[in-house]
Amino acid sequence: MEYKFSNRALSAKPSRIREISARGAVDPEFISFAIGNPASETFPIEDIRKCNDMIYDKAANYALQYGPSIGDAEFRKLLMQRLVEKEGIAAEGNDILITTGSQQGLTIMPMTVTNEGDVVLVEQYTYMGALSCMRGMCAVPYGVKVDETGSIDVAALEEACKTVKNIRYLYLIPNFQNPMGVTMPLEKRKKVYELACKYDFLIYEDNPYGELRYDGEPVPSFKSFDTEGRVVYAGSFSKVLAAGLRLGFLCASNELIAKMTALKGNIDSGSSVQASLIARYYMEQGLLDPHIEETRKLYAKKKNAMVNGLDKYMSSKCSRTNPEGGMFLWVTLPEDADADAVFDAALENHIGVIPSSCFAPDEDKPGKSFRLCFATPTLEQIEIGCKRFGDVTKKFFGE
């Protein structure tokens, strides 16, 4: 039969990352800097097994039953306490919703506050999964250029506020941004918040990598100085504990969380209680912070290996970012480069990278950059992969 798909279904497209991963699956020599998975060697398998055993000793029936749509009460209390202590977020007036991974939060946000055709402001390049969720809810992502720091240009943002209609929220990853790896300075965060207040839109502060800082000093979150209830703070356990638990959370005003919880109930009737209890017991035993510290140390080594490898092998005509944390860095080609040809040549040289076109809200402005993930590959693979990618850049642009 001829299927009549909804506009939401028609907006869905296959992930470029999955396509590259499929290439790697049939090529034994292939090294991927493409997929943004956490390093599997960071998973605390034995501790998670013990926490899982605790569930069946203490709360088996509860864990195996439907749970509240908003999430386990004690887990939410622990998370709020952590946000108060580590992020300076006020508990009063705010609540927490547990989500099935951070991706569910990215879906619930436009589902809650946008109608078809409403606009979501984003940076010139941003997380492709967030763009997919916006489009899936028939919202329109509108790209705002970044400045020389790699984060959103404040003047361009205000110009968009003046000229673009039906802006509902601004989506940002202020810490170690995906894909560019940059961090937004505090002074700029405050200016952006002032614009949100002046032009009356929300801010979705996506912070899945914030605790993976290994250089520099932490920068206060938007939510920590939110006095009007217009910031939705999103966190995740995928990068700091285990991605397979599928645990994320949103912290927002009581009113927003109440409406988001009602919508979430229509999606899944509540996230996994068992996964929440594993994370809760892990936190209650004081294991999370030491584990994050070990993960930081590993990622710092991998980041340094990739930076050193690119500097050693890559054409001097290309530039790169130097992130203070997170999992990604950003390589930019010369202005006259054929980015598609470089991408294809990299694949032929058994190395996978993600082109900037995947992160661009405007298909007419694909850019000439690539995202490279240093978290997933081993140190040996990073060295080999940097040489392969470097050889490709030298073939196109010389030494």
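The values are calculated or read from the model by the stated rules, or taken from the named source; none is laboratory data. Values in this document were obtained by computation on a predicted structure and should not be read as measured data. All Cβ positions, even for glycine, are placed from backbone atoms using ideal geometry, and neighbour counts span all protein chains on display.
When restricted to residues that are at pLDDT below 95 and in contact with a Pro (Cβ under 7 Å, 6 or more places away or on another chain), region 266-312 contains 1.
Scanning region 139-150 for residues that are crowded, with 17+ Cβ neighbours inside 10 Å and at pLDDT below 95 yields one hit, G150.
Could you tell me whether E158 is under 22 Å from E87 (Cα atoms) and charged (D, E, K, R)?
Values: under 22 Å from E87 (Cα atoms): no; charged (D, E, K, R): yes.
No.
Applying the condition of being of a type in the set (D, E, K, R) and farther than 19 Å from T100 by Cβ to region 52-81 and asking which residue is surrounded by the fewest Cβ atoms within 10 Å (Cβ to Cβ) yields D57. Of the residues screened, K297 is one that is more than 30 Å from V122 (Cα to Cα), surrounded by fewer than 21 Cβ atoms within 10 Å (Cβ to Cβ) and of a type outside the set (S, T, Y).
Report, by residue number, each residue of region 315-352 that is part of a strand (DSSP E or B) and buried (at least 20 other Cβ atoms within 10 Å of the Cβ). Spell out the reasoning first.
So the first thing to find is which residues in region 315-352 are part of a strand (DSSP E or B), and the list is 319-320, 325, 328-332, 351-352.
Within region 315-352, G325, F328, L329, W330, V331, I351, G352 meet the criteria.
Residues that are among the hydroxyl-bearing types (S, T, Y) and either under 22 Å from F359 (Cα atoms) or part of a helix (DSSP H, G or I) (or both) within region 1-25 comprise S11, S15, S21, listed in sequence order.
Can you say whether V84 is surrounded by fewer than 23 Cβ atoms within 10 Å (Cβ to Cβ), of a type in the set (V, I, T) and over 19 Å from F237 (Cα atoms), as far as the supplied structure shows? Step through it out loud before you land on a result.
Values: surrounded by fewer than 23 Cβ atoms within 10 Å (Cβ to Cβ): yes; of a type in the set (V, I, T): yes; over 19 Å from F237 (Cα atoms): no.
Here the answer is no, as V84 does not meet what is asked.
If the condition is being over 22 Å from L245 (Cα atoms), more than 24 Å from the chain's Cα centre (by Cα) and among the acidic types (D, E), then region 5-50 contributes D27, E29. In the condition set (1) over 20 Å from the mean Cα position of the chain (by Cα); (2) surrounded by fewer than 18 Cβ atoms within 10 Å (Cβ to Cβ); (3) without any contact (Cβ under 8 Å) to a residue 60 or more places away in the chain, A275 is compliant with all but (2). With respect to the conditions (1) modelled with pLDDT of 95 or more; (2) buried (at least 19 other Cβ atoms within 10 Å of the Cβ), Y199 falls short on a single one, namely (2). Taking region 240-265 as the range and being among the polar types (S, T, N, Q) and under 21 Å from Y62 (Cα atoms) as the test, only T261 passes.
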